[in-house]
Amino acid sequence: MGKSEKTAFILVTAILVCLLSVIVIRTFSGHDDVRVYRVSIITDDVQGDYSQNVWKGLDRAARDYNIDLQVIALHSGMTTEQQRNSLERELEADTDAIIINLQQNPSLSEQLDLSSISVPVISLGTVWNGSSAIRSISTDDTEMGRMLANEMIHDGVTRCVIRASLDNARIRLREAGFVDVMQQQGVDYTSEWDASSSEWAKLPSGVAVAALDEPTLESLVSMRKTGQQALYGIGYTNALLSYLESGAIRRLIVEDDYAMGYLALKSAVDAIENRNTEYGQILACYVADAAHLYDEPLRHILFPIS
Amino acid sequence: MKRQTSTNDSGQTARHWPKRSIREWIELGKSLFRDLSGRLVSRSERSSIRYTVFLSFTVSAIVAMVLTGVLFYLNFSRQLEQTIQSENEMLVKQVNQSVDTYLRDMLRLSNAIYYNVIKNVDIENDSINSELQLLYGTYVSYVENIALYDSDGNLLATAPPALSKQGVKVTDAPWFQKALDRTENLHFSPPGIQNLFVNAEHRFIRVISLSSAVEITSGKSTMQGVLLIDLKYNSLTELFDHVSLANGGYLYLMDANGELIYHPEQQLIASGLAKENNIVAATYHDGGHIEKFEGESRSIIVRTVGYTGWRIVGVIPQQGLVLNQLDNLLLVLFIFLFLFDIVILINSYISRKLTAPIKHLEQSVQSVEYGDAGKAAIYQGGSYEIRHLGASIQGMVDQLHQLTNDIVLEHEQKQKSELDALQSQINPHFLYNALDIIVWMIEKEQPKEAVHIVTALARLFRISLSRGKNIIPVRDELEHVQNYLTIQKMRYKNKFSYEIVMDEEVKNLSIIKLVVQPLAENAIYHGMDFMDGDGKITISARIDGEELHLSVADNGLGMTPDVVERLLIENTPVSKGSGVGLKNVNERIKLYFGDQYGVLIESEPDVGTCITLVLPVIRCETEEVGNVGKK
């Protein structure tokens, strides 16, 4: 072979060997294997009564993104200290991302030390205070309070009482938004947060009631049999929707739980893959009433297809 | 081509490509092509034939491989796409049939309820709940509930048993209104949440309502009513579950207006987390389409479900469908380079095989060029053309050798002849005799004669040498023979006389030296020896046309014709004189000037002999006479 022919042959053979190496590596490295993400979700809503649609969204996202979702439940019987310890243990476990869904005790998040956590943490339903590294998927609770107040004013309410049984940051924000509008519109209102107090159950006649959370709504609905108060609230369950349809509840301010759950896992995957640096996603909230209960967009929000 | 700079009215400058017409672009392209091809041709002319053959073969093979590969790839890719497309279409068709079968089953159920149950009872007196319950139980996996309403929306019968929700106006429901508007048809409503019956578990069920107008017998009259069958939404969506099309494709179901009935991402679409091109797809007719949506090219297959006007849409993303994935491309590249390597080896072998004979031939010719041809023959191998070429070159080389040898031989003969002629001039006998005469003259105290003889001798030898020249003027040659005759006359005691006659114009012509003296010598030895003073030798030189005739005539004994014949053929041994002979003179003349020149002999016994030298006319300024007259 001539010199140029030898050169060409050696060059092509070298490229061939490199290509073969790349092909072999790609073949045996399982590069095409679909990655399964390990995500842990820490929740205190073990029954899922108030967030069943959230779980539907989580399930759907887990299928779409090949996520092995590990649920760590914080029981209501655990003390805050115990819950915090459990949280911190899970945060140190071998996982790709962590979702924190604290519906009952969202303020627990403020007590956690996340400085040593290397995996992405997503807060579901709560805007995480104190750490800019935590992604959150939530609704604007203050806006929910405002919307509730506006609906009541639209219905001609001139006096109202505020009831809540979960004393946490989210509910406080709702109250703040509600009170802000009421004050602007000059509507009288009183507020009672202690469900065990006798005042809590006292609902004056002709006064509208604003319930800021689902447990309060459920309690008040059952108590409504004894009164004719117009009941308004924030949040929903299937039972509450039935009451809404029947007229026992006049308005509900609802959020798209399915989207929230879906976006939480999607955000976790984006964080694992270093995509999408948006740290706080605020979803819209909606007004639900009996007349439009089965219309869009409420139909897909309240009754998601799963 | 360089960009030009221009300035607009406001003084701003900009650089831009010069504007050219299409014709100018074509001409530019042609000149670039000519330039490139000229460079390639020039390059190939400077390269060895082996390299050119190798490169040509390799490029041709690569081009053929690439073209073939691309054609095969395109063809295979197209066929595969068509196969996948037809399989997908078959799949969509099968799902369409499943949905159609499902809907027809439900239609049959509705008809069965109507014709076998409702029509056969008097609703005023009989209850149809048990029959409905029976049918419901049979179709419980598909049916959520069955209900019969009168035209006012009052519930007449239901299965399973249920209480109507308070405040629900059935007559406002679209399914109710449609049924009464078009009583001849059965109506499938889009999926919705069933809200007719009290649900103690607060379940909200997604159903598809099948409604139809019915005639209800009530006592002696009939009234219109509506039969409602709420189908479980899941029973329809199950027909689409686990159906997946190629390359991550999927199916969805929509009504004639494009509203989604089922979509694998329906909830995400409703939440704004996903998108679908269903509104546009509603405008497609049945069959295959290609669309671009969200930057992605997709193949769409549409089938209309009978009776309802619903449409099943299959979506198959085109990207990475067949052979565009990186792994396949790497494999194709690997195979291509592997074949390229094989091509290099094969072409190297072939080009070597083809051009080796040419190389050998070239080396052989080079050997001839450098003068080594005598050591080896010209290579004659390889293909027929190369062998023929080699044989032809061998023939030419042989001819060249022969010609060279001839020239060398001729040159040697010339040298030998001249050497012989020179030798004859220093013949010891002649020199001895000449010196003897000189001594005798000195002894006889004839110094003048002695000087005359010495001078003649010296001049004789001087002209013989002529400073090494082979061509001398005719006058010098005749002076030479005159000097010779002077000496010989003295020796032969004036037995003969001689005369030299020369045209004036002949004096300055050129002639090869030492050609006349041998004739004079022969004339003396063979003609004058027996003469008693009346011998005469006449030497004449004249021009006859383009020839110079130098004659040496004597009136001696003469020769017979057979002797004359032998004179130029045999090396006649000469007993006296220089011994060079006529043959030498004749050969020298022919060597120098060609066969048409030479010696003519005319002789008659007892009369005399005349030997004429026929030579070409050569002017004295022309010394290149080696080939003059030679043909």
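The values are calculated or read from the model by the stated rules, or taken from the named source; none is laboratory data. All values reported here derive from a predicted model rather than from experimental measurement. Quick reminder, even Gly has a Cβ in these numbers, built from the backbone with ideal geometry, and neighbours come from all protein chains shown.
Details
- Taken together, the residues in the stretch B:244-274 that are free of Cβ contacts under 8 Å to residues at least 60 places away in the same chain, touching a strand residue (DSSP E or B) at 6+ places or on another chain (Cβ under 8 Å) and away from every other protein chain (no Cβ under 12 Å) amount to 3.
- Search result, residues across the stretch A:267-277 that are within 14 Å of chain B (Cβ to nearest Cβ) and in contact (Cβ under 8 Å) with a residue 60 or more places away in the chain: A:SER267, A:VAL269
- Residue check, B:GLY153 surrounded by fewer than 13 Cβ atoms within 10 Å (Cβ to Cβ), without any contact (Cβ under 8 Å) to a residue 40 or more places away in the chain and in the same structural domain as B:VAL198 (by TED's automatic domain parsing): no
- Among the criteria (1) at pLDDT 90 or above; (2) under 21 Å from B:LYS220 (Cβ atoms), the one B:ASN120 does not fulfil is (1).
- Near pairs, Cβ below 7 angstrom, 6+ apart or cross-chain, from the stretch A:1-19 (under 15 Å from B:PHE338 (Cα atoms)) to any residue that is among the charged types (D, E, K, R) and surrounded by 13 or more Cβ atoms within 10 Å (Cβ to Cβ): A:PHE9/B:ASP341; A:VAL12/B:ASP341; A:THR13/B:ASP341; A:LEU16/B:ASP341
- Test: residue in the stretch B:292-300 that is charged (D, E, K, R) and within 14 Å of chain A (Cβ to nearest Cβ): no
- Long-range neighbours under 9 Å by Cβ, at least six apart or interchain, first residue within 12 Å of chain B (Cβ to nearest Cβ) and among the β-branched types (Val, Ile, Thr) within the stretch A:286-304, second crowded, with 19+ Cβ neighbours inside 10 Å and in a helix (DSSP H, G or I): A:ILE301/A:ASN53; A:ILE301/A:ASP257; A:ILE301/A:TYR258; A:ILE301/A:ALA259; A:ILE301/B:ALA270
- Residue count for the stretch A:28-50, restricted to those that are modelled with pLDDT of 80 or more and either under 30 Å from A:ALA264 (Cβ atoms) or within 12 Å of chain B (Cβ to nearest Cβ) (or both): 9
- Among the residues of the stretch B:343-353, those that are surrounded by fewer than 16 Cβ atoms within 10 Å (Cβ to Cβ) and within 10 Å of another protein chain (Cβ to nearest Cβ) comprise B:LEU345, B:TYR349.
- Only one of B:LEU465, B:LEU509, B:LEU460 that is touching a Phe, Trp or Tyr at 6+ places or on another chain (Cβ under 7 Å) and within 30 Å of B:ILE618 (Cβ to Cβ): B:LEU460
- All strands (runs of 3 or more DSSP E) inside the stretch B:473-556 with 3 or more residues being closer than 27 Å to B:ASP606 by Cβ: B:496-502, B:535-544, B:547-554
- Whenever a residue of the stretch B:185-206 is farther than 22 Å from B:LEU156 by Cα and more than 7 Å from chain A (Cβ to nearest Cβ), its partners that are of a type in the set (Phe, Trp, Tyr) and in a strand (DSSP E or B), lying with C-beta atoms within less than 8 angstrom and at least six residues away or across chains, give the pairs B:PRO191/B:TYR262.
Let's see how each residue does on (1) surrounded by 18 or more Cβ atoms within 10 Å (Cβ to Cβ); (2) modelled with pLDDT of 85 or more; (3) within 14 Å of chain A (Cβ to nearest Cβ):
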residue: B:GLY306; (1), (2), (3): no, no, no
residue: B:GLN318; (1), (2), (3): no, no, no
residue: B:LEU329; (1), (2), (3): no, no, yes
residue: B:HIS360; (1), (2), (3): no, yes, no
residue: B:ALA376; (1), (2), (3): no, no, no
residue: B:GLN380; (1), (2), (3): yes, yes, no
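- Residues in the stretch B:160-175 that are under 15 Å from B:ALA147 (Cβ atoms) and outside any loop (DSSP other than H, G, I, E, B): B:SER164, B:VAL170, B:THR171, B:TRP175.
- In the stretch B:499-548, the residues that are modelled with pLDDT under 90, more than 28 Å from B:GLN415 (Cα to Cα) and crowded, with 22+ Cβ neighbours inside 10 Å: B:GLY527, B:MET528, B:GLY535
- Of the residues making up the stretch A:229-237, one or more are within 13 Å of chain B (Cβ to nearest Cβ) and at pLDDT 85 or above.
- Any hit, the stretch A:240-263, residues being more than 9 Å from chain B (Cβ to nearest Cβ), more than 29 Å from B:LYS165 (Cβ to Cβ) and touching a residue at least 12 places away in the same chain (Cβ under 8 Å): yes
- Among the residues of the stretch A:1-14, the one identified as modelled with pLDDT of 90 or more and facing another protein chain (nearest Cβ under 7 Å) is A:THR13.
- Take the conditions (1) more than 30 Å from A:GLU5 (Cα to Cα); (2) touching a helix residue (DSSP H, G or I) at 6+ places or on another chain (Cβ under 9 Å); (3) more than 11 Å from every other protein chain (Cβ to nearest Cβ); B:ALA356 misses just one of them, which is (1).
- Filter result for B:TYR115 (among the aromatic types (Phe, Trp, Tyr) and under 20 Å from B:THR183 (Cα atoms)): yes
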